[in-house]
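Q: Submitted below is the structure of interest, expressed as structure tokens.
The values are calculated or read from the model by the stated rules, or taken from the named source; none is laboratory data. Since we're looking at a predicted model, the values are computed, not measured. Heads up, the Cβs are rebuilt from the backbone with ideal geometry, glycines too, and the neighbour counts pull from every protein chain shown. What goes into the accessible areas is simple: the full protein's heavy atoms, side chains included, and nothing from ligands, DNA or RNA. Shrake-Rupley method; radii C 1.70, N 1.55, O 1.52, S 1.80 Å.
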Amino acid sequence: MNPTPEQKQWMYRHMLVSRLFEETIEKIYLEGKTPVFNMANGPIPGEMHLSNGQEPCAVGVCAHLNKEDVVTATHRPHHQAIAKGVDLKKMAAEIFGKETGLSGGRGGHMHLFDADVNFSCSGIVGQGLGPAVGAALSRKMQNKAGVAVSFFGEGAANQGAFHESLNLAAVWKLPVIFVIEDNAWGISVAKETATAVDRNAVRAAAYDMPGVYVPGNDPDAIFVAAGEAIGRARAGEGPSLLDIETYRLAGHFMGDAEAYRPEGEKEDLLSKDPILVYEKALLASGDLSDSDNSDLKECAKREVDEAIQFARESQFASPESALDHVFA
């Protein structure tokens with residue numbers, strides 16, 4: 001079923017929040033790291049992976065989910081967390097390493113956990129596949145409502161955990177949806193040099209589940225495909241695999257020179273910025289008015305500004321708390 005105008009605006013709004021959040025984080029991340037880049041410096045030390053360009057994958061899927069549904073995400077998690085409803089203030093504080101963060105500032109941007117909305121992510125490639133299967137199994141065994149969704153990149157589809165997880169999900173007919181965000185690059189390795197098949201959707205056939213390829217980085221097309229897969233899972237019909245074509249508009253991480261990209265690729269991708277494309281489509285179709293568009297942008301900016309202010313003003317955890325939450 002196609003998204004309603006209200007659902008389209010929901011997706012557009014969350015894409016805006018995600019992009020504005022990351023653009024702001026990008027500026028702050030570079031504080032203290034110039035003219036010589038040192039990722040240990042500045043208010044946000046460590047690695048930073050931005051998801052700008054991949055926002056449609058998150059909103060098209062998460063528009064169908066509720067708090068009880070489980071999402072496991074990747075090391076590039078901001079768009080997925082925002083679409084799932086993770087508290088933006090606590091998320092920002094966690095990225096800044098503050099005690100008001102989701103994990104008291106101990107996890108950072110690649111390890112965001114929000115039990116209130118059943119969201120988690122990890123810096124390990126393919127790590128979320130097994131836990132998503134486990135969450136789906138627990139719901140089936142306890143006869144509880146809810147589905148599990150695992151987001152991961154096309155590179156993770158070559159991990160053993162991918163095949164093990166799909167096999168068990170199919171054997172047990174679990175309510176889990178596997179979502180591949182195919183941005184064509186595993187760090188600096190082109191997909192065609194590391195993956196034997198053109199589209200990972202064909203791999204679903206080996207595990208007797210539907211495999212759907214969604215081209216074009218289009219929120220509406222992703223919404224339709226995800227709706228069918230999630231509907232099957234909720235009806236007890238088992239798992240599905242979605243293979244989504246998407247684009248990473250930035251490097252693999254902040255500081256990536258992207259020398260591996262062919263000449264002209266980056267410029268071509270920027271010309272297909274999914275937020276600008278979707279905005280134009282919504283305005284042309286009448287699903288979004290100019291005044292609504294202005295309001296959504298203003299609200300998104302206010303939400304991001306408040307989250308960043310909260311994070312900046314929050315305190316770091318005290319040294320005395322260093323061993324809190326550590327289990328032998």
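Q: Describe numerically, in nm with one decimal, the distance between label points set 7 Å from Cα along Cα→Cβ at residue 235 and at residue 66.
A: 1.9 nm
Q: Once you have the Kirkwood Rh of the stretch 1-63 from its Cα pairs, apply Stokes-Einstein at 20 °C and 1.002 mPa s and quote D in µm²/s. Display every interim value, and only then the final one.
A: On the way: Rh = 13.4 Å.
In µm²/s, the coefficient is 160.
Q: With a 1.4 Å probe and every protein chain kept in, tell me what percent of the accessible surface of the stretch 174-328 is carbon plus sulfur. Can you show the working numbers first?
A: Numbers: 4420 of 8110 Å².
Accessible surface attributable to carbon and sulfur in the stretch 174-328 totals 54 percent.
Q: Suppose we keep just the alpha-carbon trace of the stretch 151-302; what are its Rg and Dmax in angstrom?
A: 17.9, 51
Q: Quick one: length gained pulling residue 190 to residue 258 fully straight, 0.36 nm per residue minus the C-alpha distance? Numbers along the way, then the final one.
A: Values: separation 68, 0.36 × 68 = 24.48 nm, distance 1.20 nm.
This chain segment gains 23.3 nm when fully extended.
Q: Say a site is exposed when it is one of the trypsin sites (Lys or Arg not before Pro), sits in a DSSP loop, and has at most 13 other Cβ atoms within 10 Å; what is then the longest site-free stretch of the chain? Write down the numbers at each step before the final one.
A: Values: sites that count: 67, 144, 272.
Segment 145-271 is the longest.
Q: Give the separation of the Cα centroids, the stretch 28-89 to the stretch 123-171, in Å.
A: Here the two parts' Cα centres lie 21 Å apart.
Q: How far, in nm, would the chain grow between residue 313 and residue 99 when pulled straight, counting 0.36 nm per residue and subtracting the alpha carbon separation?
A: Working: separation 214, 0.36 × 214 = 77.04 nm, distance 1.09 nm.
So the extension gain works out to 76.0 nm.
Q: For the stretch 78-218, what is one quarter of the convex hull surface built on the Cα atoms, given in nm²?
A: Values: hull surface 37.7 nm².
Projected area, direction-averaged: 9.4 nm².
Q: Using a 1.4 angstrom probe, figure out how much accessible area the chain has per residue, in square angstrom, rounded to the nearest whole.
A: Accessible surface, normalised per residue, equals 45 Å².
Q: Sticking with this structure for a sec: Considering only protein heavy atoms and a 1.4 Å probe, what is the carbon-and-sulfur percentage of the accessible area of the stretch 83-171?
A: On the way: 1800 of 3430 Å².
The computed percentage sits at 52.
Q: How are the C-alpha pair distances of the chain spread across 10 Å bins, as whole percents from the shortest bin up?
A: Result returned by the calculation: 6, 26, 35, 25, 8, 1.
Q: At most 11 other Cβ atoms within 10 Å plus a DSSP loop assignment makes a site exposed; report the longest stretch of the chain without any exposed GluC sites (Glu not before Pro).
A: Values: sites that count: 31, 263.
In the chain, the maximal stretch lacking such sites is 32-262.
Q: Set Lys and Arg Cβ to +1 and Asp and Glu Cβ to -1, take the dipole of the chain about its Cα centre, and tell me which of 152, 56, 43 lies farthest positive.
A: The one lying farthest along the dipole's positive direction is 152.
Q: Another question about this same structure. If you look for lysine pairs in the stretch 32-181 that are eight or more places apart or on different chains, how many of them have Cα atoms under 29 Å apart?
A: Close lysine pairs found across the stretch 32-181: 19.
Q: Another question, if that's okay. Please give the length that would be gained between residue 26 and residue 138 if that part of the chain were fully extended, namely 0.36 nm times their separation in residues minus their C-alpha to C-alpha distance (nm, one decimal). Mind dumping the intermediate values first?
A: Working: separation 112, 0.36 × 112 = 40.32 nm, distance 3.82 nm.
Value of the extension gain: 36.5 nm.
Q: List every DSSP H helix in the chain whose Cα atoms extend 30 Å or more along the helix's own long axis and whose mean Kyte-Doolittle hydropathy is at least -1.0. Intermediate values should be presented prior to the final figure.
A: On the way: long enough: 5-29 (35 Å, -0.81); 290-313 (34 Å, -1.26).
Answer set is 5-29.
Q: Given a Förster distance of 30 Å, report the FRET efficiency between residue 298 and residue 34 from their Cβ-Cβ distance, rounded to the nearest 0.05. Write out the running numbers ahead of the final one.
A: On the way: r = 31 Å, r/R0 = 1.02.
That gives a FRET efficiency of 0.45.
Q: Take the Cα atoms of the stretch 1-105, build their convex hull, and give its volume per residue in Å³.
A: Values: hull volume 11.0 nm³, N = 105.
About 104 Å³ per residue, rounded to a whole number.
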